[in-house]
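Participant: Got a structure for you, written out below as structure tokens; questions coming shortly.
The values are calculated or read from the model by the stated rules, or taken from the named source; none is laboratory data. None of the values given here were measured: they were computed from a predicted structure. All Cβ positions, even for glycine, are placed from backbone atoms using ideal geometry, and neighbour counts span all protein chains on display.
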Ligand SMILES: Cc1cc2nc3c(=O)[nH]c(=O)nc-3n(C[C@H](O)[C@H](O)[C@H](O)COP(=O)(O)OP(=O)(O)OC[C@H]3O[C@@H](n4cnc5c(N)ncnc54)[C@H](O)[C@@H]3O)c2cc1C
């Protein structure tokens with residue numbers, strides 16, 4: 001049976017053997033067996049209600065926290081397109097589609113003279129990915145400003161979650177793996193325009209000063225263990241600058257693994273495993289991956 005005959009007739013994009021490397025922040029990775037970019041939420045619901053049950057489903061955002069192995073991802077990969085990039089501001093509440101970038105949300109809040117979302121400036125992920133990861137920095141996490149979100153389950157039912165329904169923690173959300181976040185509502189603070197802009201600029205400067213932003217990476221590779229900084233442990237273990245193939249532990253921020261342009265996903269993963277082993281050998285602490293490794 002031709003591959004697409006197995007799938008419902010959608011209005012969005014359905015593509016076989018879709019290249020994911022170009023979309024990934026690491027710039028590497030095998031293909032998606034089938035990529036689906038729904039036209040809108042109705043298309044997503046229709047697809048999920050009619051897709052064969054034996055097809056695994058993976059959702060990806062801006063791919064700024066995932067490493068896809070060279071063999072690619074079996075089954076269906078769902079990525080949300082332009083329809084999910086809408087933003088509405090009403091008083092102190094902002095509604096954002098799950099494909100809106102964190103930086104764009106922060107910029108819109110600033111332009112609307114609303115505070116509280118400054119920390120999202122320069123964070124490369126989408127709102128969907130940021131909620132799933134409970135992304136955060138400089139003392140704030142996205143769950144601190146979230147009111148509620150809408151999602152579609154992989155069997156095609158629309159669900160609503162209040163922030164209190166979900167068990168958010170450090171770089172973890174407890175959001176079930178079988179839902180695709182479609183939009184979210186955030187509560188902001190009424191603030192003065194120039195104060196917010198100043199805070200945004202400070203955050204961008206901090207990132208530029210401390211992170212290798214001109215290199216391909218997925219940000220922090222490992223979570224900070226309780227009471228410790230992953231980068232300090234990596235530094236103490238002598239891993240700064242360590243290399244495997246085209247992957248290197250960044251000299252500028254040693255919790256970042258960077259692709260020098262020639263790395264394979266396996267170089268990156270092998271290097272990460274070497275760092276975990278070396279840090280454990282020297283410090284006795286086992287680092288936990290923050291970057292999600294997917295595929296075969
Ligand atoms: C230079 C750089 C700096 C970074 N700095 C930070 C930082 O300061 N703080 C921080 O927390 N992170 C940081 N990150 C990591 C990354 O930006 C965040 O984890 C971000 O939230 C990931 O969002 P994404 O859209 O790229 O998700 P992806 O990487 O595509 O996916 C991450 C996870 O979210 C899931 N997901 C994505 N979209 C959806 C959806 N719509 N519904 C359900 N699940 C979904 C995926 O299945 C996957 O499990 C940085 C990354 C880079 C490259």
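Participant: When you scan the range 244-263, do you find a residue that is part of a helix (DSSP H, G or I) and either away from the ligand (no atom under 13 Å from the Cβ) or touching a helix residue (DSSP H, G or I) at 6+ places or on another chain (Cβ under 6 Å) (or both), even just one?
Facilitator: So in the range 244-263, the residues part of a helix (DSSP H, G or I) come out as none.
For the range 244-263, residues part of a helix (DSSP H, G or I) and either away from the ligand (no atom under 13 Å from the Cβ) or touching a helix residue (DSSP H, G or I) at 6+ places or on another chain (Cβ under 6 Å) (or both): absent.
Participant: Continuing with the same structure: Residue 51 - would you say it is crowded, with 23+ Cβ neighbours inside 10 Å and either farther than 21 Å from residue 152 by Cβ or over 17 Å from the mean Cα position of the chain (by Cα) (or both)?
Facilitator: Taking the combined requirement at face value, the residue does not satisfy it.
Participant: Quick check on residue 128: is it within 12 Å of residue 184 (Cβ to Cβ), in contact (Cβ under 8 Å) with a residue 24 or more places away in the chain and not assigned by TED's automatic domain parsing to the domain that holds residue 67?
Facilitator: When the stated conditions are applied, residue 128 passes them.
Participant: What number goes with the only condition from (1) at pLDDT 95 or above; (2) within 13 Å of the ligand (Cβ to nearest atom); (3) not assigned by TED's automatic domain parsing to the domain that holds residue 19 that residue 66 does not pass?
Facilitator: Condition (3) is where residue 66 drops out.
Participant: Related question: Out of all the residues in the range 180-196, which are away from the ligand (no atom under 12 Å from the Cβ) and either surrounded by 15 or more Cβ atoms within 10 Å (Cβ to Cβ) or within 30 Å of residue 52 (Cα to Cα) (or both)?
Facilitator: Those that are away from the ligand (no atom under 12 Å from the Cβ) and either surrounded by 15 or more Cβ atoms within 10 Å (Cβ to Cβ) or within 30 Å of residue 52 (Cα to Cα) (or both): 185, 186, 187, 188, 191, 196.
Participant: Right, another one. Any idea which of (1) within 14 Å of the ligand (Cβ to nearest atom); (2) touching a strand residue (DSSP E or B) at 6+ places or on another chain (Cβ under 8 Å); (3) under 24 Å from residue 85 (Cα atoms) is the one residue 177 doesn't satisfy?
Facilitator: (2)
Participant: Taking the conditions exactly as written (without any contact (Cβ under 8 Å) to a residue 12 or more places away in the chain and under 24 Å from residue 16 (Cα atoms)), does residue 54 satisfy them or not?
Facilitator: The answer is yes for residue 54.
Participant: Can I ask one more? Name every residue in the range 135-154 that is modelled with pLDDT under 95 and part of a loop (DSSP other than H, G, I, E, B), in order of residue number.
Facilitator: Scanning the range 135-154 gives 138, 139.
Participant: Given the criteria part of a helix (DSSP H, G or I) and either touching a strand residue (DSSP E or B) at 6+ places or on another chain (Cβ under 8 Å) or within 12 Å of the ligand (Cβ to nearest atom) (or both), does residue 14 qualify?
Facilitator: Here the answer is no, as residue 14 does not meet what is asked.
Participant: Just checking, how many residues over the range 95-109 are farther than 16 Å from residue 207 by Cβ and over 17 Å from the mean Cα position of the chain (by Cα)?
Facilitator: 3
Participant: Identify, please: which residue in the range 155-174 is more than 11 Å from the ligand (Cβ to nearest atom) and in a loop (DSSP other than H, G, I, E, B) and is, among those, modelled with the lowest pLDDT?
Facilitator: Here the answer is 174.
Participant: Between 121, 133, 63, which is touching a residue at least 12 places away in the same chain (Cβ under 8 Å) and out of contact with any helix residue (DSSP H, G or I) (no Cβ under 7 Å at 6 or more places or on another chain)?
Facilitator: 133
Participant: Can you tell me which residue within the range 69-93, out of those that are touching a helix residue (DSSP H, G or I) at 6+ places or on another chain (Cβ under 6 Å) and over 24 Å from residue 178 (Cβ atoms), is farthest from the ligand (Cβ to nearest atom)? Outline the logic, then answer.
Facilitator: We begin by selecting, within the range 69-93, every residue touching a helix residue (DSSP H, G or I) at 6+ places or on another chain (Cβ under 6 Å); these are 69-70, 87.
From what's left, over 24 Å from residue 178 (Cβ atoms): 70, 87.
Numbers: 70: 18, 87: 15 Å.
Residue satisfying both the conditions and the ranking: 70.
Participant: Would you call residue 278 surrounded by fewer than 21 Cβ atoms within 10 Å (Cβ to Cβ), closer than 26 Å to residue 138 by Cβ and more than 21 Å from the chain's Cα centre (by Cα)?
Facilitator: No.
Participant: Further question on the same structure: Just checking: which of the strands (runs of 3 or more DSSP E) contained wholly in the range 52-125 hold 2 or more residues that are within 30 Å of residue 273 (Cα to Cα)? Walk me through how you get there before you give the answer.
Facilitator: On the way: elements: 57-60, 66-68, 73-79, 87-90, 93-97.
In the range 52-125, 57-60, 66-68, 73-79 are the strands (runs of 3 or more DSSP E) which contain 2 or more residues that are within 30 Å of residue 273 (Cα to Cα).
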